[in-house]
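A short write-up of the structure that comes next.
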Amino acid sequence: MDKKLGLHTSLTAGPLQERFKLLSEAEDLGYTSFWIAEVSGPDAIVSLGALAVNSRKAELATGVIPMQIRTPGVMAMSFLTINEFSGGRAIAGLGVSSPIIVERWHGASYKKPVTAMRECVTIMRQLFTEGRSKFDGEVYKSDFRLGMRISAPRPPRIYLAGLNEPMLRLAGEVADGVLMNYSPPEAVPEMVRHIHAGAAAAGRDPNAIDVGIYIRMCITEQEDKAIDAFRRELGSYAFVDSYNKMFARYGLADEFIEFRKLWREGQRDEAPKQISEASCRKIAVFGPPTAGRDFVARFRSAGVTHPVVFPIGPAQTNSRDYPNTMRALAGA
């Protein structure tokens, strides 16, 4: 595979034309993919549509969207449309999200998430490659024929968000790639083994699966402020079971237990302080460019083929920290 380096972005983090100009610079600097996340807005697919006609060569990925809140057919149409606009650069990044987001926020079903993801990918793949899906599964049913003309040189690719073994293995079995998250370099080899085991079980070439990961970092001289902001970000995952299971593997269980305790007691300012600086630095980088570039190199050595730079930091300094981080990591 060619050397890949992705960049997480949001089109609503500043004036739109300025964001397009910044991402054009990122393409010139050698970034090979742009990733847009989705939680409670903005809409990642609409954002990719705008980026598809305002970019030139980078792959365009959702990183990631909850697959339960749109039907497989709707997602297939969306990504095929982005793929047409961009000349074949679309990546459908899918995740199973959490019961809070899927059920409480959207009123959708969180039934059998791994099975649902397998079936969703099957339907989308049928529509991407054949333009026709006829499927009757445990969670999804589909009898659908596309009515759009396809001219892009290749269909959209499918990447799955993977934290724990079941989804990592499934990504190896059915997806083109995987996007990992909030993990230290030393955790990657075991995660890659799960991906490769899934691929081997399905008779696929394990080395053909693109292994991506969000690498959070802030290139800054104000490390303490960036770390405090990251503590609050991490705390937002303290009530998500799949993330807690993963964080426990990295030795963060006790800190998150204390975080949840204080948060439930209403001590919202004290709760993030339970996440130590050492834990923050285990899964993210704060400081000079050399620290960020060394961190990326450690992930590549561990088996990541597609590192995705995820600039972080305090909201009030984003307009400074984002471009500084992007420029400092170019070519890493």
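Numbers at a glance
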| read-out | value |
| --- | --- |
| Check on ARG216, in a helix (DSSP H, G or I), under 21 Å from LEU252 (Cα atoms) and in contact with an Asp or Glu (Cβ under 9 Å, 6 or more places away or on another chain) | no |
| Inter-residue pairs, beta-carbon under 7 Å, first touching a residue at least 24 places away in the same chain (Cβ under 8 Å) and of a type in the set (Phe, Trp, Tyr) and in segment 114-136, second assigned to a helix (DSSP H, G or I) and surrounded by 14 or more Cβ atoms within 10 Å (Cβ to Cβ), 6+ apart | PHE128/ALA76; PHE128/LEU80 |
| Within segment 286-331, tally of residues that are assigned to a helix (DSSP H, G or I), of a type in the set (Gly, Ala, Ser), within 21 Å of ARG19 (Cα to Cα) and in contact with a helix residue (DSSP H, G or I) (Cβ under 6 Å, 6 or more places away or on another chain) | 1 |
| Elements of type strands (runs of 3 or more DSSP E) in segment 102-187, at least 1 residues being of a type outside the set (Val, Ile, Thr) and over 16 Å from the mean Cα position of the chain (by Cα) | 132-136, 141-145 |
| Where GLY266 falls short, out of the listed (1) over 29 Å from LEU60 (Cβ atoms); (2) surrounded by 13 or more Cβ atoms within 10 Å (Cβ to Cβ); (3) among the small types (Gly, Ala, Ser) | (2) |
| Any hit, segment 134-144, residues being at pLDDT 95 or above, of a type in the set (Asp, Glu) and surrounded by 18 or more Cβ atoms within 10 Å (Cβ to Cβ) | no |
| Segment 71-104 - residue that is of a type in the set (D, E, K, R) and without any contact (Cβ under 8 Å) to a residue 24 or more places away in the chain and, of those, surrounded by the most Cβ atoms within 10 Å (Cβ to Cβ) | GLU103 |
| Residues of segment 150-198 classified as surrounded by fewer than 20 Cβ atoms within 10 Å (Cβ to Cβ) and closer than 24 Å to VAL285 by Cα, total | 6 |
| Hey, THR305 exposed (fewer than 14 other Cβ atoms within 10 Å of the Cβ) and of a type outside the set (Gly, Ala, Ser) or not | no |
| Boolean, PRO66 is under 23 Å from LEU170 (Cα atoms) and not hydroxyl-bearing (Ser, Thr, Tyr) | yes |
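Results for (1) farther than 29 Å from VAL96 by Cα; (2) surrounded by fewer than 19 Cβ atoms within 10 Å (Cβ to Cβ); (3) charged (D, E, K, R), shown as yes or no for each residue.
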{"residue": "ALA238", "(1), (2), (3)": "no, no, no"}
{"residue": "ASN244", "(1), (2), (3)": "no, yes, no"}
{"residue": "PHE259", "(1), (2), (3)": "no, no, no"}
{"residue": "GLY287", "(1), (2), (3)": "yes, yes, no"}
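The values are calculated or read from the model by the stated rules, or taken from the named source; none is laboratory data. Because the structure is a prediction, the values reported are computed rather than measured. In this analysis, Cβ positions are derived from the backbone assuming ideal geometry, glycine residues included, and neighbour counts consider all displayed protein chains.
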